[in-house]
Structures are given as structure tokens and as C-alpha cells.
Amino acid sequence: MRILLVHPSPLMYSEIYLRLEPLGLERVGAALRAAGHDLRLLDLQIFTARDLFAEFDDFKPRAVAFSLNYLANLPEVVDLAKTLKAKDRSVFIFVGGHSASFVADELLMHADGAIDCVVRGEGEAIAAQLIEALGERDLKTLPGVVTPDGAGPPPRLMDRIDRFIPARDLARRRSKYFIGSFDPCASIEFTRGCPWDCTFCSAWTFYGRSYRQAAPEAAADDLESIREPNAFIVDDVAFIHPEHAFALGREIERRGIRKQYYLETRADVLCRNREVFAYWYRLGLRLMFIGLEAMDDEGLKRHRKRSKVSINEDALEIARKIGLTVAVNLIVDPAWDEARFAAVREWAASVEEVVHLTVATPYPGTETWFTEVPKLATFDYRLFDIQHAVLPTRLPLKRFYEELVATQQVLNRKHLGVRGLWQAGSKAASLLARGQTNFIRMLWKFSRVYNPERQYQDHFRPLEYAIRPPAADVRPPVGQLYVHQGRASADLSG
Ligand code: B12
Ligand code: SF4
């Protein structure tokens, strides 16, 4: 069958810092291709809605599959599905991905018949079965499938996460994918899931707190097939288990694969496994992102981060000694006032690392969805991108954005200070020489995208689709938040 895979457009953060290949769709695409289907993929982070409609008319797909990882993209996906369905009533439209899995019923309600079903959980195992079942079987009997008439049993976890190597050839204009000076940059997955349980995060509830690893040989096969000189490791928490990280590294070394790597991990994992990170530095690891989240132990406890400020400090010291460039994240509490923003600016100016700020946002699938939702200040999905305030702010909203953006600007300027600009300049020149312009564009775009007036005005856009809050403000038993019910929590000891 002809199937068109679609990734929605970028959110604010991706307009500046990065743009990455739609790995989930490439994995689902690999599974559909293995079942003999004819596929095309259109990534709206690069292409426009007009391109999508032209592709639809040209390819004449019998099914369209949208990826919906980000809640803020929900209205866009609903509108696109409605337009495509109006063009051809017979086309089968389905949606999968992280956020879709948590708000399946709501998505179908807004789509009003334009979306035929939502697929909850990982898509590789079920996508081909779903297509095969069309017109043959009642779709609502399939695991993870939710239709307007009812839902099938819970989705099943795949036995091996490396069963389908991503169909990377489906992503067109690959030179558009980058992160900072890693331009161009591919993405790769070594592990799936997270065994921790932070209150603001849904990475662990999606996979039922399970944690699976790709076989080193399969991961190296995948890496070897990547042409880009840089790779973004998409794992939620990289290198939790040192033996797996070393085995991956040895396989990469044995094959003589040379690339530069970016990854995201936890401070305590870095402290515990410092020799792993030092070894990976020798293999090409250069950039790393650590979610510090709070500047005091009380804040870390509130987020159930299961770590301490002293561990965060040790981790930064270790990373500096290894020679890694680190970006850290702090969660902005909507209760922050001018003094608090000033204190953060002061702290950020005192450390070497690049500091990112994200605004506390309760998402469906997290525990904070139940504890914070009674306070929601907006029901607009589009504002759920952790760059907007969706909870009431202590400062007047406009003032809050002024402080937020002023702080981000200071941090950005520090990042691109005299030394940084010089380095960025020489990096930019070498990228330009190779025809890569993503990084250079990023350097000049900040003020246009991060703009307090724009962020404030975003709250007053007409609201067509409103978020459906939970029926009661009681936290359900944790297991009920899980998309994949499967496994017990994995070993954290490393
Ligand atoms: C890598 C990653 C990114 C990459 C994005 C890569 C991309 N182009 O998609 C980058 C770094 C750009 C990114 C940015 C952001 N991210 Co992010 N990201 C992730 C992360 C860590 C892994 C996603 C991934 O690639 N996994 C590997 C692939 C193979 O899995 P997958 O995409 O989930 O796909 C599987 C299933 O979801 C499903 N599936 C997916 N699509 C489809 C489609 C169909 C039809 C079917 C059947 C199935 C299906 O099957 C796939 C295979 O099993 C997730 C956490 C997580 N564990 O999911 C957060 C996560 C998705 N990100 C999140 C957030 C908040 C953001 C930002 C808003 C953060 C910010 N600082 O502003 C930005 C916004 C980005 C944007 N859209 O513009 C949140 C989402 C919250 C929400 N509910 O909306 C998550 C869940 C992290 C978290 N802990 O809360 N992110
Ligand atoms: S450690 Fe990271 S991925 Fe895991 S639950 Fe906490 S924030 Fe989410």
C-alpha cells in the first residue's frame, strides 16, 4: 500500500537550537517497508503544508500516518488530517507517537472523523498489522489501537528495540538536520525508556518504567550506515549501564567509525560512570546535556529527581575535566519573581556551562498533570512547548516573559561572548565552506524567535481546540499513567 508518513512542524525551541530527523517515523517506516509497503516521508520541520498537499496529490497515498510526539503540535495535526480527509474521504489516517498515546480519545474527538485511529505506544510492531487489518478486521481489537468506537488491549513492548533499523533514506534533505555546530547531524537510539520517575516527565510513564538496550552489533550497524559526521544520541538517559556503553564503544572502535556525538544524561550517572564518559570522549563525544532542573535540594526533591545539588556540581566538574562541552537545563517555576530571575542570571554567569531555561509545564502522562492542572491558566495545546507559561505566573505575564527572555538573552550572549563568537566564527566559516548553513542561521535568529511580546501575544490567539483536563484532581495509581504496562522497574544501580 502507498503510505505517506508526516512529521509536524518545529516548535519554538527547534526554530533556533536544532532540527533533528524524525527517528520514530523512520523506525515505523522500516517496519512498514519490511511488510512490503511503498512509503514516502514528509517532514514539516523542513517542508511546508503546501508541500504536503502537493505530495498528497502526487503520491496518492491510501494511508497517511502522522507522528505526534509533541502536545503543542496537536492542533496542527488535527487540521492537516481534516484537510487531507476532505481531499479524499477514502484515505486512511492514523496518528501515533508520544503525546498521541496519552491523549488518544481527545485527539479523536477534536478530529471529528478525520483521524481513523490513534496508535498508542511504540509503533514498529503494530503499524504493519494495522494496515493489514484494514477492511478485514475490527481495528479496535488490535493492541494499542484506539478508534472512535473503542480501544483495543494495551500496546505491547517489542522484544528487541533494534529489530528495525531506521529507514533513514526516507528523510529527504538530510543536510537540514543539525544541533548547534554539529551541522549536519543524524540521530541514533542506543537504549529506550527511563527507570527513574521524575514528576514532570512522561518518558518513564510511556514505557512503563522499562529500560531496554540495543545489541552493540546492531547499534554499530546502524551507526555505520549514517553518512553524517555527527550523531545525536536520543536516549533519555545515556550510559546508565557502563557495560553496555563500553560494549557499544568497543564495537565502534573495532569498526573504525569516527564521529562526534551529543547525548543527554543525568548528573548522578555521569558521576557514577565517569570512566565511561572519558572513554567516549576519546571516541568523539563532545557535547552533553544534563537536566539539573533546580538550584536547591528542595526543588530537586519536589521534582523527585532523586539527586542532589552537590551531585550536580560534581558532575559539572567531572565533565570539565574530561573536556566535554555541557549545556544544562533549569526548570523555571512560574512563581519566580525579578529577584529570582536575577539570582539565576548571576549563577549562570558564574559557571562555564551553557544554561537553558524551560518553563514548568504539566503534560498529560506526567504526575504533575494531576497535581497542577486545577491551576492551568490556558487550555491552548500550542502553548505547551515549555517555552510558554501555562500555569499562573506570580509576575504579570508580560513581565514574566520579559524576565525570562532577558535571562535567556544574557545566557545566550554569554555563550556567544567574545571567545564564543570567535570560535563560532571560525566554525561558521568551515561549515560555510562545506555548504552547511543551519548553524550560521541559528546564530542570528535568537531575538526574532525569543521575543517577550510574541510569547505574550501567543496567549491571545483564537482557540479552536481546547485541552480536556482530567476529571478529578486526584493522582491515579502510578501504573495507570503507563502507556506500556509491561515491565517492572529496571536496575538503577549500574
Ligand atoms: C529526541 C527528542 C527530542 C529531539 C526531537 C527529535 C525529533 N525530530 O523528533 C529534540 C532534541 C529536537 C527534542 C526537542 C524537544 N523536545 Co523532545 N524528546 C526527545 C526524546 C528524548 C526522544 C524521542 C525519540 O526520538 N525517541 C526515539 C524514537 C524511536 O521514538 P519516538 O519518536 O517516540 O517514536 C516511537 C513511538 O513514539 C511511536 N511513534 C512515533 N511516531 C509515530 C507515528 C505513527 C504513525 C505510529 C504508529 C507510531 C509512532 O513509534 C516509534 C517507534 O517505537 C523524547 C523522550 C522520549 N523518550 O520519547 C523527548 C520528548 C518527546 N520531548 C519533549 C519536549 C518537551 C521537547 C521540547 C518541547 C523541549 C524544549 N526544550 O523546548 C522540544 C520541542 C521539539 C520540537 N518539536 O520542535 C517531551 C514531550 C512533551 C510533550 N508531551 O509534548 C518528551 C517526551 C521529553 C520529556 N521527558 O518530557 N526532543
Ligand atoms: S531522569 Fe530524565 S528521562 Fe528519566 S524520568 Fe527524570 S527527567 Fe525523565
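The values are calculated or read from the model by the stated rules, or taken from the named source; none is laboratory data. Not measured: the values here are computed from a predicted model. Don't worry about glycine lacking a Cβ; one is built from the backbone with ideal geometry, like all the others, and counts go over all protein chains shown.
What residue, of T366, T361, T371, is within 15 Å of ligand 1 (Cβ to nearest atom), in the same structural domain as A471 (by TED's automatic domain parsing) and closer than 21 Å to D296 by Cβ? Steps first, please.
Details: T366 fails: closer than 21 Å to D296 by Cβ; T371 fails: within 15 Å of ligand 1 (Cβ to nearest atom).
The unique qualifying residue is T361.
Name the single residue that is surrounded by the fewest Cβ atoms within 10 Å (Cβ to Cβ) among those in the range 282-294 being within 16 Å of ligand 1 (Cβ to nearest atom) and of a type in the set (A, V, I, L, M, F, W, C).
F289
In the range 171-183, which residue that is modelled with pLDDT of 95 or more and surrounded by 22 or more Cβ atoms within 10 Å (Cβ to Cβ) is nearest to ligand 1 (Cβ to nearest atom)?
Within the range 171-183, the match that is nearest to ligand 1 (Cβ to nearest atom) is Y177.
Step by step: first the residues of the range 1-41, then only those that are free of Cβ contacts under 8 Å to residues at least 60 places away in the same chain and touching a strand residue (DSSP E or B) at 6+ places or on another chain (Cβ under 8 Å), then the one that is farthest from ligand 2 (Cβ to nearest atom). Which residue is that? Talk me through it step by step, then tell me what you get.
Initially, the range 1-41 is screened for residues free of Cβ contacts under 8 Å to residues at least 60 places away in the same chain, giving 10, 14, 36, 38.
Now narrow it down to the ones that are touching a strand residue (DSSP E or B) at 6+ places or on another chain (Cβ under 8 Å): 10, 38.
On the way: P10: 21, D38: 36 Å.
Out of the qualifying residues, it is D38.
Residues that are hydrophobic (A, V, I, L, M, F, W, C), buried (at least 17 other Cβ atoms within 10 Å of the Cβ) and over 19 Å from V351 (Cα atoms): does the range 249-257 have at least one? Walk me through how you get there before you give the answer.
Going through the range 249-257, the residues hydrophobic (A, V, I, L, M, F, W, C) turn out to be 252, 257.
Still in the list and also buried (at least 17 other Cβ atoms within 10 Å of the Cβ): 252.
From the residues that got through so far, the ones that are over 19 Å from V351 (Cα atoms) too are 252.
Yes: the range 249-257 contains one or more residues that are hydrophobic (A, V, I, L, M, F, W, C), buried (at least 17 other Cβ atoms within 10 Å of the Cβ) and over 19 Å from V351 (Cα atoms).
Against the definition (away from ligand 2 (no atom under 16 Å from the Cβ) and either in contact (Cβ under 8 Å) with a residue 24 or more places away in the chain or among the hydrophobic types (A, V, I, L, M, F, W, C) (or both)), how does E217 come out, yes or no?
Numbers: away from ligand 2 (no atom under 16 Å from the Cβ): yes; either in contact (Cβ under 8 Å) with a residue 24 or more places away in the chain or among the hydrophobic types (A, V, I, L, M, F, W, C) (or both): yes.
Here the answer is yes, as E217 does meet what is asked.
Scanning the range 9-50 for residues that are farther than 14 Å from F66 by Cα and polar (S, T, N, Q), which turns out surrounded by the fewest Cβ atoms within 10 Å (Cβ to Cβ)?
T48
So R40 passes all but one of these: (1) over 29 Å from V449 (Cβ atoms); (2) within 11 Å of ligand 1 (Cβ to nearest atom); (3) of a type in the set (D, E, K, R). Which condition number does it fail?
(2)
Taking interchain pairs and intrachain pairs at least six residues apart, which have beta carbon atoms under 8 angstrom, with the first residue in the range 198-214 and within 11 Å of D236 (Cα to Cα) and the second within 9 Å of ligand 2 (Cβ to nearest atom) and among the hydrophobic types (A, V, I, L, M, F, W, C)?
C201/C194; A203/C194; W204/C194; W204/W196; W204/C198; Y211/C194
Yes or no: the range 197-219 includes at least one residue that is closer than 27 Å to D385 by Cβ and part of a strand (DSSP E or B).
Checked against the condition, which is being closer than 27 Å to D385 by Cβ and part of a strand (DSSP E or B), the range 197-219 yields no hits at all.
Conditions tested, residue by residue: (1) within 16 Å of ligand 2 (Cβ to nearest atom); (2) closer than 21 Å to A343 by Cβ; (3) assigned by TED's automatic domain parsing to the domain that holds A220; (4) modelled with pLDDT of 95 or more.
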position	(1), (2), (3), (4)
C271	yes, no, yes, yes
V276	no, no, yes, yes
W280	no, no, yes, yes
L285	no, no, yes, yes
G291	yes, yes, yes, no
M295	no, yes, yes, no
D314	no, no, yes, yes
E317	no, no, yes, yes
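Just checking, how many residues over the range 219-277 are among the small types (G, A, S), touching a Lys or Arg at 6+ places or on another chain (Cβ under 6 Å) and over 22 Å from A171 (Cβ atoms)?
Residues meeting the conditions: 0.
Using the structure shown, decide if R156 is assigned to a loop (DSSP other than H, G, I, E, B), basic (K, R), modelled with pLDDT under 95 and on the phi > 0 side of the Ramachandran plot. Spell out how you get there, then give the answer.
Details: assigned to a loop (DSSP other than H, G, I, E, B): yes; basic (K, R): yes; modelled with pLDDT under 95: yes; on the phi > 0 side of the Ramachandran plot: no.
Taking the combined requirement at face value, the residue does not satisfy it.
Any residue at all in the range 42-58 that's touching a Gly at 6+ places or on another chain (Cβ under 7 Å) and either at pLDDT 95 or above or within 27 Å of S181 (Cβ to Cβ) (or both)? Spell out the reasoning first.
Step one: list which residues in the range 42-58 are touching a Gly at 6+ places or on another chain (Cβ under 7 Å), which gives none.
There is no residue in the range 42-58 that is touching a Gly at 6+ places or on another chain (Cβ under 7 Å) and either at pLDDT 95 or above or within 27 Å of S181 (Cβ to Cβ) (or both).
Looking at Y279, Y261, which one is within 16 Å of ligand 1 (Cβ to nearest atom) and crowded, with 19+ Cβ neighbours inside 10 Å? Even if it seems obvious, please write down each step before you answer.
Working: Y279 fails: within 16 Å of ligand 1 (Cβ to nearest atom).
Among Y279, Y261, only Y261 is within 16 Å of ligand 1 (Cβ to nearest atom) and crowded, with 19+ Cβ neighbours inside 10 Å.
Could you list all residues from the range 29-73 that are among the small types (G, A, S), more than 26 Å from F164 (Cα to Cα) and within 26 Å of the chain's Cα centre (by Cα)? Walk me through it before giving the result.
Here is the first cut: in the range 29-73, the ones among the small types (G, A, S) are 29-31, 34-36, 49, 54, 63, 65, 67, 72.
This time we only want the ones that are more than 26 Å from F164 (Cα to Cα), so: 49, 54, 72.
Across the range 29-73, the qualifying residues are A49, A72.
Inspect all residues belonging to the range 174-185 and state whether any of them is within 16 Å of ligand 2 (Cβ to nearest atom) and of a type outside the set (A, V, I, L, M, F, W, C). Lay out the reasoning, then the answer.
Looking only at the range 174-185, we keep the residues that are within 16 Å of ligand 2 (Cβ to nearest atom), and these are none.
No, the range 174-185 has no match at all.
So which of S225, S210 ends up being at pLDDT below 95, over 19 Å from R282 (Cα atoms) and either within 16 Å of ligand 2 (Cβ to nearest atom) or of a type in the set (G, A, S) (or both)? Steps first, answer last, please.
Values: S225 fails: at pLDDT below 95.
On inspection, the qualifying residue turns out to be S210.
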